[in-house]
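A short worksheet on the structure shown next.
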């Protein structure tokens, strides 16, 4: 098969995420690509959980429509997210023979049921864990050689050697138990291509470091915390530091202050934290201080669904500040692209002396993928700094580009005051209409006039039907477009990376020859559609495919929507 989809589910503490992580590692060692998505109940810690994997011969950016294998270590509340784990008819459900009745939702799928003595077998192997049986069973069914599974376990093992040997025995027992359901093990390439195994949060942290970030202040919040955990030691190695603030208000103001002092700075948060940072981001707009805010979106509003994905912070990110406050908003299109887009966000923020918001989400942030090594250009912050030249220093000089030299505090001859009050070109507080107009124009002009190059969006194809999307919706849209083309429906895909400022002239060029547009996104209110309607010129009346989380967007559903939409008669 081109790909195989496997779900490993169980109660908190059963080790499903560990088994899934090692299964993904083994796939990478076997020359495969893969994706692992974490799903859990509302408890965040403890409770039911599942590792959702798709292993493939090519790079994949979304889950498949259904799962070929579901291995349930136990059935404790797994039914709560059964709609996230549809099992394919003819698939396989593996569970413990003493684990009770298989939930009806999985029996009704038409999958075969394989009941094994999982807990009894683990008890007979003193010191072993049941998730190692699960790893052996699912690894064998995926066609992974047992020696590669062993390598993945040894590489990730952090406990004693006695426990390791017991669990390697459990791994082999699992492989043997799946013998009648497993294909022949795939051959491992002698010189596999260099691939990276990383999450979107790790990729974003890596991109931030490559972009020049050297100070991070943040308050932990699901699902952004892992980015901070990865960056803390990495920043130290790069000569920077991370400070855990007491809350999001402190975080945003700390990075504004650090950046004002000359150090490229970043914070990472989720929707509730972004809301608290509003005033601080507005201060960065008014004072023209470059900062980067990575928003790993989750289900909302309010506390919402912390451990599930949703693209519902878009409207707030592009328009949520008080006053006329232009800012940069960017969205990576994949887990791998989290690195390049975050690096670009740092470069843009530093170059344009403006806040940049990066819209990642829980799907990309917490999912782990096997990807080709990200290709990042050599990068250093390009902040335009001021040096004394004998003339009066005007920090906010109304330049043609809108960018004016920014002095490092304490530099003789170029001192100035930066605050949230409107000001003259010389940074003196002013309530005069002429000064307000001049500074408003300046702050907008520098963003609108900047040349963003080809990175503003990925434009694929030249068909008269186009799909516009952003963020993690890009993966399933790309796959749906491939399927639609196989059915005779040619589709152009436009995945926006630069959301604000929206560049109508660039979008016009990307839509050249397009007769109809569909907008695809994962939120309840069709936020991208309404944003585009207000700021862009779209041909005809755009169609919309939108749904909220926590269900992931699936290629099959989008493909069906595309083919039905293509068959509709266009009103004269």
Going by C-beta contacts inside 10 Å, put 389, 74 in order with the fewest on the left. 389, 74
Note down the relative contact order for the chain as a percent, whole number, built from C-alpha pairs under 8 angstrom at least six residues apart. 12
Contour excess over end-to-end distance, with Cα ends at residue 243 and residue 448 and 0.36 nm allotted per residue: 70.5 nm
Hey, how many Å between the Cα centroid of the range 160-210 and the Cα centroid of the range 84-127? 22
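For the range 165-244, what is the relative contact order in percent, using Cα pairs closer than 8 Å and at least 6 residues apart in sequence?
28
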Can you work out the FRET efficiency for the pair residue 112 and residue 162, with r the C-beta to C-beta distance and R0 = 30 Å, to the nearest 0.05? 0.25
Nearest 10 degrees is fine. How inclined is helix 248-260 to the longest principal axis of the chain, computing both from alpha carbons? 50
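When 226, 165, 350 are ordered from fewest to most other Cβ atoms inside 10 Å of their Cβ, what list results?
Sorted ascending by nearby Cβ count, the order is 165, 226, 350.
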Mean projected area (nm²) from the convex hull of Cα positions in the range 214-275 is 3.8
So if R0 is 30 Å, what FRET efficiency would residue 397 and residue 512 give, r being the distance between their Cβ atoms, rounded to the nearest 0.05? 0.20
Descending principal axes extents, the chain, alpha-carbon based, whole Å: 82, 67, 45
Rounded to the nearest 5, what % of DSSP beta bridges with both residues in the range 456-567 are antiparallel? 25
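Given the range 197-372, what whole percent of its Cα pairs are spread farther than 25 Å?
That fraction is 20 percent.
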Mean separation of Cα pairs under 8 Å and 6+ residues apart, divided by the residue count of the range 3-181: what relative contact order is that in percent? 22
Hull surface divided by four, with the convex hull built on the Cα atoms of the range 34-100: how many nm²? 5.4
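Normalised radius of gyration for the range 1-72, please: alpha carbon Rg relative to 2.2 N^0.38 Å, two decimal places.
1.09
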Residue-averaged [θ]222 nm for the chain, counting only DSSP H segments that reach four residues, each worth -39500 (n - 2.57): -10500 deg cm²/dmol
The exposure ranking of 95, 338, fewest beta-carbon neighbours within 10 Å first, is 95, 338
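Tell me, rounded to the nearest percent, the portion of alpha carbon pairs in the range 3-181 spaced more than 27 Å apart.
Result for the distance tail: 18 percent.
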Taking all pairs of distinct Cα atoms, average 1/r, flip it, and tell me the Kirkwood hydrodynamic radius of the range 456-567 in Å to one decimal place. 13.8
With both bridge residues required to lie in the chain, what share of the DSSP beta bridges run antiparallel, to the nearest 5%? 40
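Between residue 389 and residue 126, what length comes free when the chain is fully extended (0.36 nm per residue of separation minus the Cα-Cα distance, one decimal in nm)? Please report the intermediate quantities before stating the final value.
Numbers: separation 263, 0.36 × 263 = 94.68 nm, distance 7.65 nm.
Full extension of this stretch gives 87.0 nm more.
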Rounded to a whole number, the Stokes-Einstein D of the range 304-399 in µm²/s (Kirkwood radius over Cα pairs; 20 °C; 1.002 mPa s) is 132
Hey, what angle do you get for helix 278-287 against the long axis of the chain, alpha-carbon based, 0 to 90 degrees rounded to 10? 40
In degrees, nearest ten, helix 225-237 long axis to first principal axis of the chain (Cα): 70
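Values quoted throughout were computed directly from the atomic coordinates according to the rules given, and no laboratory measurement underlies them. Computed from a prediction, not measured in an experiment: that's the story for all the values here. With ideal geometry, Cβ positions are generated from the backbone for all residues, glycine too; neighbour counts draw on all protein chains shown.
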